[in-house]
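The values are calculated or read from the model by the stated rules, or taken from the named source; none is laboratory data. The shown structure was predicted, so the numbers you read here are calculated from the model rather than taken from an experiment. Note that each Cβ is placed from the backbone with ideal geometry, even for glycine, and that neighbours are counted across all protein chains shown.
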Amino acid sequence: MFSERELKQTSDVVLNLADLDSGRAEQWLSDGCGRVDAYPQIFNEMVCAYALHEIICDGGGVPIDYCFLDVNPAFERIVGLKKDDVIGKNVLDIFPCMDVSWVEKYGKVALTGESAHFDDYSLFGDRFYEVNVFCPRSGEFAMTFSDITERRCAHDILEMQESDLNKHVCELECLLKVSSIVNVLPSLNEGFRKVVDTVFSDLKYRSVTGCRLIYEENIFQAGLFVDSNWNCRSDIIVDDVVHGSFEVWYSEDMPYTSADNFHNDGGFVDSVTRSLGIFVEMKLVENDLNIFKSISYKVNYGISILDMDGNIIYVNEAFSQLHGYSVEELLGTHFLMFYNESQVPRLKCLLDNLLNSDCCMDEEVWHMRKNGSIFPAILECALIFDRDNMPSYFFVALKDITETKKADDALKRAMSIADAANCSKGEFLANVSHELRTPLNAIVGFSEILLDGRCGDLNDVQRRYLQNVSNSGNHLSDIITKILEISNIEAGNAEVNVGKFKILHSVLEVKESLMHSILLKDISFVCELDPDLPQICVDKIKFKHILHNLLTNAVKFTSDRG
């Protein structure tokens, strides 16, 4: 009994002999070595199937079929047919659906004596066999074959994995190209067009029929979509807002190995849309930055952007001119370079308060120029937050207030002069009123004594003249009193004595003081007041003074007999 290894070696010897030296093979076969009954133990225990056939040709010598002459037990085991069921029968009778091209291939071996080797023989079901064919004598061919289905499947799996690996490499290369397009930062339309063309050209191995990118109202596409069976689509998202979508269309059914690759979170199309989202976000930021730069370069005050460590990453032209530097000289420097040591703690405190309060802060500071001179300025600071609402930058606006400070100083000097003038005026009025009241009180007092008749009787002319003197004195006294009141009001020294009183009594007192003027102009004056009116709480003297002024004007500007 031979071992499996010895049988395999024997089979290989036979096959090698047939492949390497057909003359020796024919000699070996002519001696009876090609038939199973020549060495029954070897052929009966071979692990590979063996069959001997006779080729059948038509009248023109063209092979049209072949007949089974002999088979070994391995043939019966592998093919599933008994020896008695095949010996003497034609192959097309047993396997009517067999591809006739095999008859031609085997016929060539039988007629020419040239050996052949095949590794894709699948005559018997869905199994694959490795076949060695040789010619033992003219018109006949013998074949040995073994089942290589598992090896073939393993080979196919390796090829599939290699194909998927190549696809992944190609996808990775395509993604790198997409990333390079994004990093170059062309215009949105130019970038979208390049991405669509790149993906379409790089994914043709997947039977891609077309790529389409939709952004807002614009559509960018490459290829055709008529023959597409399926597509993969993903949204372009920026800050949780959908701005568009990207689609890849295929002509073939979606392969199993590609489905997972395309539909999971790390899929190719999702990766492209993530890159497109970054691209869109960068372009939006770039547009916002251009708008910001355009505005900042037109304003007449300095603008600067600092990182969280206080380093300058952006300044406008006005900021650099305020300090006597160029823009390039300021970029990358620290903001504290504009302050002397005494102001540094104050500025740090300002920034700390800004971080804690999240509100805009302003402070009057002194900034140092490149030449060492200083100037006053208003510093306004605010925080710039990132998409996660975390502070990422400081916004600083600086306004030179040198002229404002000069104007304030001039105004302060003018106010100081005006205050001094007011003080002088108040002192002057107080002195004048004091000096005037002394003789005026004497004039008024003596005129009243004469009018009372204490110094004798007066005729009508004397009384009228004395009355004019008394009235003029009282009028002058009222004028002095009013001037002093105005002076006190301007100086903030006016006193208010609040008290409760009846309105009716004050009105009647004012009316009596004006009755002489009312009678002279023959004016109708009617006073109608509810005696039950409640008391009011004000300064009584000032109330009567206001009422007196109002009624005096009313009498003055009312025509006679009005």
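A few notes on this one:
- Any pair with Cβ under 6 angstrom, 6 or more apart, that starts in region 400-413 at a residue that is part of a helix (DSSP H, G or I) and ends at one that is surrounded by 11 or more Cβ atoms within 10 Å (Cβ to Cβ) and among the hydrophobic types (A, V, I, L, M, F, W, C): Thr402/Phe375
- Matching helices (runs of 4 or more DSSP H) fully within region 455-562 where at least 1 residues are free of Cβ contacts under 8 Å to residues at least 12 places away in the same chain and under 25 Å from Gly426 (Cβ atoms): 460-491, 540-556
- Scanning region 289-329 for residues that are hydrophobic (A, V, I, L, M, F, W, C), touching a residue at least 24 places away in the same chain (Cβ under 8 Å) and touching a strand residue (DSSP E or B) at 6+ places or on another chain (Cβ under 6 Å) returns Ile303, Ile305, Leu306, Ile313, Phe319, Leu322.
- Complete set of residues in region 540-558 that are modelled with pLDDT of 85 or more, over 20 Å from Asn471 (Cα atoms) and not hydrophobic (A, V, I, L, M, F, W, C): Thr558
- Filtered by the rule that a residue be among the hydrophobic types (A, V, I, L, M, F, W, C) and more than 21 Å from His323 (Cβ to Cβ), region 362-395 gives Leu383, Ile384, Phe385, Met390.
Table: residues versus (1) hydrophobic (A, V, I, L, M, F, W, C); (2) under 28 Å from Gly445 (Cβ atoms).
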{"position": "Glu485", "(1), (2)": "no, yes"}
{"position": "Asn488", "(1), (2)": "no, yes"}
{"position": "Phe501", "(1), (2)": "yes, no"}
{"position": "Met515", "(1), (2)": "yes, yes"}
{"position": "Leu519", "(1), (2)": "yes, yes"}
{"position": "Ser524", "(1), (2)": "no, no"}
{"position": "Ile536", "(1), (2)": "yes, no"}
{"position": "Ile546", "(1), (2)": "yes, no"}
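- Only one of the listed residues (Lys89, Lys83) is surrounded by 15 or more Cβ atoms within 10 Å (Cβ to Cβ), touching a residue at least 12 places away in the same chain (Cβ under 8 Å) and out of contact with any Gly (no Cβ under 9 Å at 6 or more places or on another chain). That residue is Lys83.
- Residue match in region 111-120 (condition: assigned to a strand (DSSP E or B), of a type in the set (Phe, Trp, Tyr) and either on the phi > 0 side of the Ramachandran plot or assigned by TED's automatic domain parsing to the domain that holds His53 (or both)): yes
- Among the residues of region 472-489, the ones that are modelled with pLDDT under 75 and either aromatic (Phe, Trp, Tyr) or touching a Lys or Arg at 6+ places or on another chain (Cβ under 8 Å) (or both) come to 1 in all.
- Among the candidates Pro96, Pro136, residue that is assigned to a loop (DSSP other than H, G, I, E, B), over 60 Å from the mean Cα position of the chain (by Cα), of a type outside the set (S, T, N, Q) and buried (at least 17 other Cβ atoms within 10 Å of the Cβ): Pro136
- Residue list for region 209-248, filter: modelled with pLDDT of 80 or more and over 30 Å from Asp386 (Cα atoms): Thr209, Gly210, Cys211, Arg212, Ile219, Phe220, Gln221, Ala222, Gly223, Cys232, Glu247, Val248
- Residue in region 141-160 that is closer than 19 Å to Asp58 by Cα, surrounded by 14 or more Cβ atoms within 10 Å (Cβ to Cβ) and outside the structural domain of Arg274 (by TED's automatic domain parsing) present: yes
- Applying the criterion of at least 1 residues that are among the basic types (Lys, Arg) and not assigned by TED's automatic domain parsing to the domain that holds His243 to the helices (runs of 4 or more DSSP H) found wholly in region 272-375 leaves 344-357.
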